[in-house]
Each structure stands twice: as C-alpha cells, then as structure tokens.
Amino acid sequence: MTGIKLNFSPKIIFTWWHFFSKCLLLIACLFIIGMPPAFASINNDTYDGNIFVVYAGNGSLVPPKQTLAQTLAEHKPAVLAFYVDDSSDCKQYAIVVSRIQEFYGRAAEIIPVSVDSILTKETYATTEPGYYYSGAVPQIVVFNQSGNVVLNKNGQVRYEEIDDRLREVFDLLPRDKSVELKRRSFNELNSEITE
C-alpha cells in the first residue's frame, strides 16, 4: 500500500511567510501613521493629565507628602492649592504652585487638593480641605504655624502676594529689603573646587 505524499516545496512556504510578514509590517505602519498626535494645550479646558506634571514639570507635588490634618498637628505652615486638572486657569496656575514649593517646600507643606477628590458632606472639620474650599478654582489658602489662615484667595493670585504672606509667617525680611538670592553657575563652582 502506498501512501499519498504531499510535496510542499520549501520555496513556496518561504514566499507565503515572506508575503504574510510584509502584510503585518504594512498594517503596523498604517496603524502608527494613522494615530493622531497627542496635543496638550494650556489654553483649553480639556484633560491632558496631571497639571503639575504636564505644565509645571513638577511631579513631586502630587500626591502631597502629608495631609492637612497631619501638617496642622505638627504646627507646620501649610499652603492648600485647590485645582482641577481640566481647567485652563488651573493649568496656567500650576507654575505658581510649583514656584511656591521651590522656595518654601522644605519649611512649609504644599498640599495641592484636587476638588474632584473632596467628598461631599454636610459639614467638614477644620482639619479637612473641604472646610476651606469656596467653590472656585484655583484657590490658595495659606496657614501659619498656629493653624490660622493668613491668606485665602480665589483666582490666579500672584506669587508675590503669596510670598509676602509666607515671609510674614516665617518672619523674613520683606522682599524689597532682602538680598536677592542667586544660584551659582556651574563654572563658578568648578573654579572654587580647583583652586
């Protein structure tokens, strides 16, 4: 009894595999080219991601290191910054909040609070961010060491106004009487090390 032999040529199998791989490559290229680019715009009210990461380049702000209750219990100054990720005003204001952290982040607790994360309740304790939220964003609330509010403003509050309040909290000289601090350039540092 003789069996039926199927004779597949290796050349035929190779050409089909070659054709199939080229088709897959073409589909992958069309998929990549056909995808719309990602656009993030600071001037619209669309969600582009966390505003502190995307627009201020500062991912260290979110999530905050401490809650407001912990900060007030330690008698540490605090800055609450109420925001939403899909507001052009908050997107533009993220840079100011990041700047506050740059100068006061070691001495005060900077606490960005997403308004969407505030649970709706009848009443809030004075240690909860919802107690201080006025219903508009952006909003800045500055606390001194005693837990008293020294600044509570809505809208895009200028950095200088916040800085003035924090200078009072830390008993620093007013801005017009203090020496402007400047960072050393890289070359100045190297010349001191080599001398």
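The values are calculated or read from the model by the stated rules, or taken from the named source; none is laboratory data. If you're wondering where the values come from, they're calculated on a predicted model, not measured in any experiment. Note: ideal-geometry Cβ built from the backbone for every residue, glycine included; neighbour counts use all protein chains shown. Ligands, DNA and RNA are stripped out before the accessible areas are found, and what is left, the full protein with its side chains, is counted by its heavy atoms. Shrake-Rupley method; radii C 1.70, N 1.55, O 1.52, S 1.80 Å.
In this structure the amide hydrogen of Ile110, modeled in the peptide plane, comes within under 5 Å of the amide hydrogens of Val79, none closer than 5 places in sequence on its chain. Average accessible surface for segment 89-161: 52 Å² per residue, computed with a 1.4 Å probe over protein heavy atoms with every protein chain in place. Residue-wise HN-Hα couplings along segment 102-112, as the Karplus relation 6.51 cos²θ - 1.76 cosθ + 1.60 with θ = phi - 60° gives them from phi, are 4, 8, 10, x, 8, 9, 10, 9, 9, 10, x Hz; Gly and Pro carry x. Projected onto its three principal axes, the C-alpha set of segment 44-185 covers 45, 34, 24 Å, listed from the longest axis down.
Would you work out what percent of the accessible area of segment 50-95, with all protein chains in place, is carbon or sulfur (probe 1.4 Å)? Percent of accessible area from carbon and sulfur atoms in segment 50-95: 54. Taking Lys and Arg as +1 and Asp and Glu as -1, the other residues whose beta-carbon sits under 11 Å from that of Ser41 total -1. Each principal axis of the Cα cloud of segment 99-146 was evaluated for its coordinate range; sorted largest first, these ranges are 36, 24, 14 Å. The spread of Cα positions in segment 65-146, taken along each principal axis and listed from longest to shortest, comes to 36, 33, 17 Å.
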